Amino acid sequence: MAEEDLSQLKIDKTRPAFRAVRGKRRTIYIVVAATVVLLAVLALAGAFSPAIRVDAVSVQQFYPSQSFTLLNASGYVVPQRKAAVASKVTARLEELFVEEGSKVKKDQVLARLENADLAATLRQAEANLNVARSSVDQARAELNDAGVNFEREKRLLAREFTTRSVYDAAEARYKKAKASVAGAESSVRANQAAVKEARVSLDYTYIRAPFDAVVLTKNADIGDIVTPIGAASTAKAAVVTLADMSSLKVEADVSESNLGKLKAGQPCQIELDAIPDTRFDGAVHMIVPTADRTKATVMVKVNFSRLDPRILPEMSAKVAFLSREVTGDEKRSRTAVSGKAVVERKGGKYLFIVKDGRAVMRTVTTGEVFGDMVEIKSGASSGDRVILNPSDRLRNGSRVKIVGQ
């Protein structure tokens, strides 16, 4: 009996195995179901649909004058009066009274060169002039005394109260006194010329502004040797460079083939790269009567209607040559986009803006139409990338790829 009881003590391995298999199947079902749900969500989001290839343009700041622009050209702001101010003598620079940006008036002293020797020469010339003037006074006094004596001897001789020899001596003295006065006066004139020469030489050491201007560059510092020709490697030919800011014009190169579109006085608008948010009114000043054969271009000079303190020489500029004058309201910039980007759906106007590779449908309010551009009053900002000619299958959230990127 005991052996039979022990033989029945066995472990049943079939039941636990069955439960393990059933648990694994349940896990697989859960994973498959989650995967199906995830795939369905991704499919609804368009993750498996191919990206739609589109053309895109940017919303931009648009000036109405762009719709009646005949021609565009590039150039630079150039002062028509500019001077590199130098000295007429060679000397060391001792004082400099201006710096870059200083506004100066005509004949204002800009710098002073070493001039102690020339100042001494001037003082010597002035002293010599004073001596010559004193000699004139002495000679005139002698002439007056000799003249009186000569007249007296002439009267005495007529009455035979004196001798001929005394009369001749008085006459000779008188003539000598006259010659002395003439010589002294000539000496005065010579010394006056010497004084003038010394003053001119001394004045050469003071460097003055030739016209009302602004200092653009400082070419020499105190202690430099300034010479008219700048022959030495350490010498400076110019002390400062000046420009008349009232003479600023834009010099632009225009292709020969487009000259027929331009004429003197034609209205223009000028845009400076340094001041992109402002357009300046202008007009064609002149078409320079010569061409550049290497570039097949002709230089056109354009006046500013009103100069702005922010306009500086050598700024790069773009010139729009217009077919007519710009009216008051047309001077204001607008936020605009190509009319091909605006679509009408459900009674409203929309733009498809590209963000993170997807098309975002946005309601916009439009304004005036300028040629192929449409003003955007609300709904989009300058710089937004929008889809051009959106197709009917394009929807909000559609994946897109911009052509060329």
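The values are calculated or read from the model by the stated rules, or taken from the named source; none is laboratory data. Model, not experiment: these values are computed from the prediction. Note that we place each Cβ from the backbone using ideal geometry, even for glycine, and neighbour counts take in every protein chain shown.
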- [ ] Please enumerate the residues belonging to the stretch 112-121 that are in a helix (DSSP H, G or I) and either under 44 Å from the mean Cα position of the chain (by Cα) or without any contact (Cβ under 8 Å) to a residue 40 or more places away in the chain (or both).
- [x] Ala116, Asp117, Leu118, Ala119, Ala120
Task: Residue under evaluation Leu351, criteria (1) modelled with pLDDT of 90 or more; (2) surrounded by 13 or more Cβ atoms within 10 Å (Cβ to Cβ); (3) within 27 Å of the chain's Cα centre (by Cα), criterion not met - done: (3)
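Can you say whether Leu202 is of a type outside the set (Gly, Ala, Ser), in contact (Cβ under 8 Å) with a residue 24 or more places away in the chain and within 30 Å of Leu312 (Cα to Cα), as far as the supplied structure shows?
On the way: of a type outside the set (Gly, Ala, Ser): yes; in contact (Cβ under 8 Å) with a residue 24 or more places away in the chain: yes; within 30 Å of Leu312 (Cα to Cα): no.
For Leu202, the condition - of a type outside the set (Gly, Ala, Ser), in contact (Cβ under 8 Å) with a residue 24 or more places away in the chain and within 30 Å of Leu312 (Cα to Cα) - is not met.
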- [ ] Could you please give the count of residues in the stretch 148-199 that are more than 23 Å from Ser135 (Cα to Cα) and of a type in the set (S, T, N, Q)?
- [x] 3
Open item on the list: Condition (residue is surrounded by fewer than 13 Cβ atoms within 10 Å (Cβ to Cβ) and free of Cβ contacts under 8 Å to residues at least 12 places away in the same chain) applied to the stretch 358-379: is it met by at least one residue?
Closed with: no
TODO: Scan the stretch 267-294 residue by residue and report those that are part of a strand (DSSP E or B), more than 26 Å from Gln60 (Cα to Cα) and free of Cβ contacts under 8 Å to residues at least 24 places away in the same chain.
DONE: Met286, Val288, Pro289, Thr290
Open item on the list: Which condition from (1) of a type outside the set (Val, Ile, Thr); (2) in a strand (DSSP E or B); (3) within 27 Å of the chain's Cα centre (by Cα) is the one that Lys106 breaks?
Closed with: (2)
Task: Subset of the stretch 353-378 [small (Gly, Ala, Ser) and out of contact with any Leu (no Cβ under 7 Å at 6 or more places or on another chain)] - done: Gly357, Gly367, Gly371, Ser378
Open item on the list: Tell me the residue from Asn149, Asn144 that is surrounded by 15 or more Cβ atoms within 10 Å (Cβ to Cβ) and without any contact (Cβ under 8 Å) to a residue 40 or more places away in the chain, please.
Closed with: Asn149
Open item on the list: Just checking, does the stretch 279-296 include any residue being touching a Pro at 6+ places or on another chain (Cβ under 7 Å), surrounded by 12 or more Cβ atoms within 10 Å (Cβ to Cβ) and of a type in the set (A, V, I, L, M, F, W, C)?
Closed with: yes
